[in-house]
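See below for the structure under consideration.
Read-outs: derived from the displayed coordinates by stated rules, not from any lab. All of these numbers come straight from a predicted model, not from anything done at the bench. No Cβ is skipped: glycine too gets one built from the backbone with ideal geometry, and neighbour counts run over all protein chains shown.
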Amino acid sequence: DDSNLIYPFAATGFIFTKQAKVHAYDASAYDGIKLWLRGDAVVRVSIKTAATASSAEGGTCTANCGNTHGLSVILTNTWQQVSLPFATIQQEAWSTPVAFEPSQLLGVTVMFPPGNAFNAALDDVTFY
């Protein structure tokens, strides 16, 4: 029975793994990540790195973990390509900032706003 569970947001995404364990992916040869999105919500697209993840999540963060680097996107019903350039994505302002390190990627997440119904689609995640 999960009726007592309360989640502050909904999300979808993926983690990088090696032999069924979270494993940092070295994306330093790339400038960023592109993906296609459509829908009817404002979402935050973020990239988790070792510095923003707790040790239980494969990271090195010890306090105020989870403040990933990313950006907010207003979705429309038309497919749009979204770019997350490594040089300019930002953390939110609720914790001590850490540098973005593209050689330590743990995952990519699309987070949806709490408390609202929404429709969304995600396709073709690639490095560029």
Compactness of the chain, expressed as Rg and Dmax over alpha-carbon positions, Å:
14.9, 46
Under 5 Å between amide hydrogens, which residues at least 5 positions from Leu105 or on another chain qualify, with H placed 1.01 Å from N in the peptide plane?
Tyr25, Ala27
Given the options Ala20, Ala29, Ala11, state which has the largest fluctuation in a GNM of the chain using a 10 Å cut-off (strictly under) for Cα springs.
Ala20
For every other residue with a beta carbon closer than 14 angstrom to the beta carbon of Ser55, add +1 if it is Lys or Arg and -1 if Asp or Glu, then tell me the sum.
+1
Name the residue, out of Gln91, Gln81, Gln19, whose mean-square fluctuation peaks in a Gaussian network model built on the chain with Cα pairs under 10 Å.
Gln19
Taking the dipole of the chain about the Cα centre (Lys, Arg +1; Asp, Glu -1; charges at Cβ), the one of Ala10, Trp36, Thr49 that reaches farthest to the positive side is Thr49
